[in-house]
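The values are calculated or read from the model by the stated rules, or taken from the named source; none is laboratory data. Quantities reported herein were computed from a predicted structural model and do not represent experimental measurements. Note: ideal-geometry Cβ built from the backbone for every residue, glycine included; neighbour counts use all protein chains shown.
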Amino acid sequence: MIEITNLVKNYGSKFAVDDISFRVGKGEIVGFLGPNGAGKSTTMNILTGYLSSTSGEAKVGGIDILENPYEAKKLIGFLPEQPPVYPDMTVDEYLNFVYEIKQCKLNREKHLTEIRMVTKIDDVRKRLIKNLSKGYRQRVGIAQALVGNPPVIIFDEPTVGLDPKQIIEIRNLIRNLGQNHTVILSTHILSEVQAVCDRIVIINEGKIIADEKTENITRVVEENRKYSVKVCGPQREVQAALNGLAGVVAVEATGERDGDSYTFQIEAEKGNDLRKALFYAMSERNWPIIGLEAVGMNLEEVFIKIMDADLSRKR
Amino acid sequence: MLAIYKKEMRTYFTTPLGYVFIAVFLAVSGFIFAVSTLQSQTSDLSGYFQLMIFGYIVMIPILTMRSFAEERRAKTEQILMTSPVSITGMIMAKFLAAFSMFGVTVLASCLYYLPLFKYGEPNVAKAAGCFIAMLLIGMCFIAVGIFVSTLTESPVTASIGTMGILVGFAGAAIFNNLIDTYLIRYVLSWISIYSRYINFTYGIFDIAATLYYLSITAIFLFLAVRVYERRRYA
């Protein structure tokens, strides 16, 4: 459904997108992951025809967006980074405007009602957009992208500004959309792509550094085990005891105190789950563990991991 | 394109902008009308129209300043540019919306002419010619305003920039009388919107001037389209 080939966008000597190629099949949900300024939005803007590329091509449904923008744009629903909503319109007026500008042929009343229902904005339909909260505005932006039921939907950071309950709702919505739409969404939140996407494309400094099925990336992430543990006991001795455990690579005292407990960061060997050993070691010495949790990797660490993996594969 | 036109027209009336324009226009034109015809005891409208050109310099930018600058500032242009609408269509829709507002207001101000029939015998054909010329001049000014609005993110900058260009257009005739060098006079007379209007005040419907006004409009709208096309590549 989407084909991007050798896409380059540079502003002078600064490459925002540097030779990117990937394909997205019909009905796939692809997560576009990367830190801020990685080139996610630029790629999406090119794909939707808002910007042009310096070289390379972007095709949607087999139609080149630069050569035949008119037909290509009909296939796309797009939520930009900032929802493109007019503050002086009511939600209803706005959706009707979008319906007209997209030359939608579906039954107007029925289609728009359906969209208001799935994005849960029906209760604010008569209100001016400028009076809506950020979360509602974001959902109006999402609603806008769904008008006309386009086969390709592109979301640039769809869950920004939503509260946790809304985030879950929007994720469910995206997952449902994936059943009969092709969806690309960008985010810098790792758990979000894990929750929603079939495939993850990781981009950094304008280059694709990984393009994998979600399970594969998750595996890379989970091989690395880090724990944060809270133990009530004398700090130095506890640290020494933790260091003595089999399978421990590093122990670090965070200096955090909570009553009479100290918090330590433990890094374990690959594939070694040492939570049980940790428990017995501490209980032997009568130092109660009052907190133990696995520390998730953040995006930077995932990058480093994936880039390391990438390098070692090349060697 | 129709969708954008409708949206623009609605925006004029859901924000104060449209009302401010209509109010300022009717107040200024009413004042100029009273001074130039009733007070001077003449039923000839050409003097009124001549002064109104200078009124347009201040009023037209109110109408056009927001059209693209505001969309750019609020990032709403993204929905326009990622929808199946051509850039030309988008610019024409905004231009026509501004021109409709202007045209309707100018028509409304025609009510002023009625008292003239009571006190004199105005030359209707001549007034009609002048009136059409005024619509054409307004059209040029709107095209300039739309063009300047595509250049900036700030409506205020757009309106001041538009006024600057319009002062140049209208003032060229004045400079023309002060300068001796043939070449400069030639260039100035080429851009002088004002001096081309003079024929209309003599009761001549000047086809050349009409074409000139239409060309100026087309040039500025074309430039606006180019700005948008270029921005995509920048």
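Entry remark, region A:53-78: residues being in contact (Cβ under 8 Å) with a residue 24 or more places away in the chain and either within 12 Å of chain B (Cβ to nearest Cβ) or of a type in the set (D, E, K, R) (or both) number 12 in total. What do you reckon, is B:V156 surrounded by 15 or more Cβ atoms within 10 Å (Cβ to Cβ), assigned to a helix (DSSP H, G or I) and either among the β-branched types (V, I, T) or in contact with a Pro (Cβ under 6 Å, 6 or more places away or on another chain) (or both)? Here the answer is no, as B:V156 does not meet what is asked. Among the residues of region B:167-205, those that are in a helix (DSSP H, G or I) and among the charged types (D, E, K, R) comprise B:R185, B:R196.
Residues in region A:108-163 that are free of Cβ contacts under 8 Å to residues at least 12 places away in the same chain, over 22 Å from B:T11 (Cα atoms) and not hydrophobic (A, V, I, L, M, F, W, C): A:E109, A:K110, A:T113, A:E114, A:D122, A:D123. The set of residues in region B:90-120 that are over 17 Å from the mean Cα position of the chain (by Cα) and within 14 Å of another protein chain (Cβ to nearest Cβ) contains only B:M90. Applying the criterion of at least 1 residues that are surrounded by 14 or more Cβ atoms within 10 Å (Cβ to Cβ), assigned by TED's automatic domain parsing to the domain that holds A:R125 and out of contact with any strand residue (DSSP E or B) (no Cβ under 6 Å at 6 or more places or on another chain) to the strands (runs of 3 or more DSSP E) found wholly in region A:1-115 leaves A:2-11, A:14-24. Is it true that A:T43 is modelled with pLDDT under 90, out of contact with any helix residue (DSSP H, G or I) (no Cβ under 8 Å at 6 or more places or on another chain) and among the hydroxyl-bearing types (S, T, Y)? No, not satisfied. Just wondering, is there one or more residues in region A:107-121 that are more than 14 Å from B:T82 (Cα to Cα) and at the interface with chain B (Cβ under 9 Å from one of its Cβ atoms)? No: zero hits.
Total residues in region A:238-262 satisfying the condition of being among the aliphatic types (A, V, I, L, M), over 16 Å from A:K226 (Cα atoms) and in contact (Cβ under 8 Å) with a residue 24 or more places away in the chain: the figure is 2.
Please work out if A:E81 is at pLDDT below 90 and within 12 Å of chain B (Cβ to nearest Cβ). Yes.
Part of a helix (DSSP H, G or I) and surrounded by 15 or more Cβ atoms within 10 Å (Cβ to Cβ): is that true of B:I132 in this structure? Considered against the rule, which asks whether it is part of a helix (DSSP H, G or I) and surrounded by 15 or more Cβ atoms within 10 Å (Cβ to Cβ), B:I132 comes out as no.
Just one of (1) out of contact with any Gly (no Cβ under 6 Å at 6 or more places or on another chain); (2) on the phi < 0 side of the Ramachandran plot fails for A:Q166. It is (1). Report yes if some residue within region B:118-128 is in a helix (DSSP H, G or I) and touching a Ser or Thr at 6+ places or on another chain (Cβ under 6 Å); otherwise report no. Checked against the condition, which is being in a helix (DSSP H, G or I) and touching a Ser or Thr at 6+ places or on another chain (Cβ under 6 Å), region B:118-128 yields no hits at all.
Filtering region A:211-231 for residues that are in a helix (DSSP H, G or I), of a type outside the set (G, A, S) and at pLDDT 85 or above leaves an empty set.
Considering (1) surrounded by 12 or more Cβ atoms within 10 Å (Cβ to Cβ); (2) under 20 Å from B:L135 (Cα atoms), the lone condition that B:A208 does not fulfil carries the number (1). Among the residues of region A:138-148, is there at least one that is assigned by TED's automatic domain parsing to the domain that holds A:V24 and over 18 Å from A:P83 (Cα atoms)? No, every residue in region A:138-148 fails to be assigned by TED's automatic domain parsing to the domain that holds A:V24 and over 18 Å from A:P83 (Cα atoms).
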